[in-house]
Amino acid sequence: MKKIYNNKVLKFLFPIPSICTLVIFGILISVSEINGEPATIYDKLLFMIIIFVCIVIPLDIIILIYKKAKNYIKKRIKSKSKKQDVFMDADYSIIDVDLLSDNNSKSDTKNKAQSNFKSEENKSELNARSNIETKKAFIPENSTLKRKLTVDSYFEEAGKFIIDKDKASIGMIQRYFRIGFNRACRIMDQLCDAGVIGQEEGTRPRKILMNTDDFQAFIENNDFNYKDFTSIEEQTKISENNSKTIIPERIYMYNNKFDYMTGHDFEYFCADLLQKNGFQNITVTQGSGDHGVDILAEKTGVSYAIQCKCYSKDIGNAAIQQVHAGKSIYKRDIAVVLTNRFFTPQAKEEAAILGVKLWDRDILIKLIYNSSF
């Protein structure tokens, strides 16, 4: 009986609600009378056929449509939730950025994912970025029992210090060793990779995973290549071709957390990224009277007029119009809007008409990733 009911036709014609409807009408017919006389079998059968055609089949169709619509909506929601993670993948498999590619032709699917962007994505992007940097700085150089690890010269002292204090924070290391934010971050990452402290858990303090004896045994059982990580500004200072633009040291204190930057700091941050990605003759324009252009730069014989936008919402078409006008005033080849967010559909449409390149959050992340090599 079960196999028969599993037949698709039967399941369509006789779903449970339809069977219940037929049973109810069947009971009503059996006790009904026609012209004061009990209904004959012919009358009952005819009435049941009419009920089946006029009520049961339409009810079956409504139930079928409802089920199909329900399944379709479920699939759409599931597909959308998967695509929301499109923004940042921790492996960063794409290394080269085609900065001249037309970003206006991105798919509608990605536009939907971008419109659902949440601030939590900032954390996932920056955590992935941090993990890549940490793994590069903390790679075993051989496969023998004793690993040779490249660490900061304060690594051992910092480990003993946080174990002694039974808590770990970047601020503690900064104050104790009187070092910059980036170097303190790097030491924390190295201690985390070594298993001395746990991973970040939101705003909660990191767990201390080793005691003094465990840490001393770890030091004795491994070989270390101690390296002084000097000021990041010294490591990444602008080349002679970019002598017009000096990046303030405070920019590096953000540790690539660009969403927290002021507008002017974001401009210098972008100028530094462009330099690291092969741009030359970089100039950050004055804050007032810049005609909608924040950075002037060149690469492979092509000149750029770039407007930088560090916003908390997607960029509209006003920025497109401003940089397009500024490109003509500065006599540049290409106009670009570079932002920490994405662009509205109207902005994309206008950029396509005016020939303005849109470098959104995806490209900004790729610029940061490329600059680490």
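The values are calculated or read from the model by the stated rules, or taken from the named source; none is laboratory data. None of these values were measured; they are calculated from a predicted model. Using ideal geometry, Cβ is built from the backbone for each residue, glycine included, and neighbour counts are taken over all protein chains shown.
One table, with the values for the structure above:
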| item | result |
| --- | --- |
| Residue list for segment 164-197, filter: touching a strand residue (DSSP E or B) at 6+ places or on another chain (Cβ under 8 Å) and surrounded by 15 or more Cβ atoms within 10 Å (Cβ to Cβ) | ALA168, ARG183, ARG186, ILE187, MET188, GLN190, LEU191, ALA194, VAL196, ILE197 |
| Any chance ILE170 is modelled with pLDDT of 50 or more and among the aliphatic types (A, V, I, L, M) | yes |
| Residue match in segment 331-338 (condition: touching a residue at least 40 places away in the same chain (Cβ under 8 Å), surrounded by 20 or more Cβ atoms within 10 Å (Cβ to Cβ), more than 17 Å from ASP294 (Cα to Cα) and in the same structural domain as LYS313 (by TED's automatic domain parsing)) | no |
| Among residues of segment 151-191, those that are farther than 14 Å from ASN211 by Cα and within 29 Å of the chain's Cα centre (by Cα), counted | 14 |
| Index of the failed condition, ILE179 passing every other in (1) at pLDDT 90 or above; (2) more than 23 Å from LYS148 (Cβ to Cβ) | (1) |
| Top-ranked residue in segment 198-229 [being surrounded by 13 or more Cβ atoms within 10 Å (Cβ to Cβ) and part of a loop (DSSP other than H, G, I, E, B); ranked as modelled with the lowest pLDDT] | PHE229 |
| Long-range neighbours under 8 Å by Cβ, at least six apart or interchain, first residue without any contact (Cβ under 8 Å) to a residue 24 or more places away in the chain and within 14 Å of GLU157 (Cα to Cα) within segment 196-222, second charged (D, E, K, R) and not in a strand (DSSP E or B) | none |
| Residues located in segment 23-42, provided they are modelled with pLDDT of 70 or more and either acidic (Asp, Glu) or surrounded by 12 or more Cβ atoms within 10 Å (Cβ to Cβ) (or both) | PHE25, GLY26 |
| Any hit, segment 266-275, residues being acidic (Asp, Glu), over 18 Å from VAL356 (Cα atoms) and in contact (Cβ under 8 Å) with a residue 24 or more places away in the chain | yes |
| Residues satisfying the stated conditions in segment 291-302, i.e. farther than 14 Å from GLY355 by Cβ and out of contact with any helix residue (DSSP H, G or I) (no Cβ under 7 Å at 6 or more places or on another chain) | GLU298, LYS299, THR300, GLY301 |
